[in-house]
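The values are calculated or read from the model by the stated rules, or taken from the named source; none is laboratory data. Keep in mind the model is a prediction, meaning the values are calculated, not measured. Cβ: placed from backbone, ideal geometry, glycine included. Neighbour counts: every protein chain shown.
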Amino acid sequence: MEVTPAAYINYACNEAEKKASVKIIHVSGVGRFGRMWLAGSEADIISARDAAVKALENLEGV
């Protein structure tokens with residue numbers, strides 16, 4: 001997943017990890033874009049992605 005501003009990736013990653021049993025491979029919240037790589041079953045990755053997207057969409061003032 002890639003987001004802007006970069007700092008939001010930390011919040012998205014936290015929400016993804018809470019929702020599904022995934023392994024965090026890499027999180028980068030420095031620079032213009034924030035990126036995260038996750039590992040796990042396809043179902044868990046989809047669930048984690050959906051949780052991260054929903055969390056970011058629900059941020060106020062964005």
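Here are the numbers:
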{"item": "Residue identified as at pLDDT 95 or above and at negative phi among 2, 60", "result": "2"}
{"item": "Residue among 35, 49 that alone is buried (at least 17 other Cβ atoms within 10 Å of the Cβ), on the phi < 0 side of the Ramachandran plot, of a type in the set (D, E, K, R) and under 10 Å from the mean Cα position of the chain (by Cα)", "result": "49"}
{"item": "In the range 41-62, the residues that are in contact (Cβ under 8 Å) with a residue 40 or more places away in the chain, within 12 Å of residue 15 (Cα to Cα) and either touching a helix residue (DSSP H, G or I) at 6+ places or on another chain (Cβ under 6 Å) or not in a helix (DSSP H, G or I) (or both)", "result": "52, 55, 56"}
{"item": "Whichever residue in the range 1-14 is surrounded by 17 or more Cβ atoms within 10 Å (Cβ to Cβ) and of a type outside the set (A, V, I, L, M) and, among such residues, is nearest to the chain's Cα centre (by Cα)", "result": "13"}
{"item": "Residue list for the range 14-40, restricted to those being assigned to a loop (DSSP other than H, G, I, E, B), small (Gly, Ala, Ser) and closer than 13 Å to residue 2 by Cβ", "result": "29, 31"}
{"item": "Options 55, 48; residue that is touching a Phe, Trp or Tyr at 6+ places or on another chain (Cβ under 8 Å) and of a type in the set (A, V, I, L, M, F, W, C)", "result": "55"}
{"item": "Residue check for residue 25: touching a Leu at 6+ places or on another chain (Cβ under 8 Å) and either at pLDDT below 95 or surrounded by fewer than 16 Cβ atoms within 10 Å (Cβ to Cβ) (or both)", "result": "yes"}
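Results for (1) of a type in the set (A, V, I, L, M); (2) touching a Cys at 6+ places or on another chain (Cβ under 7 Å), shown as yes or no for each residue.
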{"residue": "21", "(1), (2)": "no, no"}
{"residue": "24", "(1), (2)": "yes, yes"}
{"residue": "36", "(1), (2)": "yes, yes"}
{"residue": "41", "(1), (2)": "no, no"}
{"residue": "44", "(1), (2)": "no, no"}
{"residue": "49", "(1), (2)": "no, no"}
{"residue": "53", "(1), (2)": "yes, no"}
{"residue": "58", "(1), (2)": "no, no"}
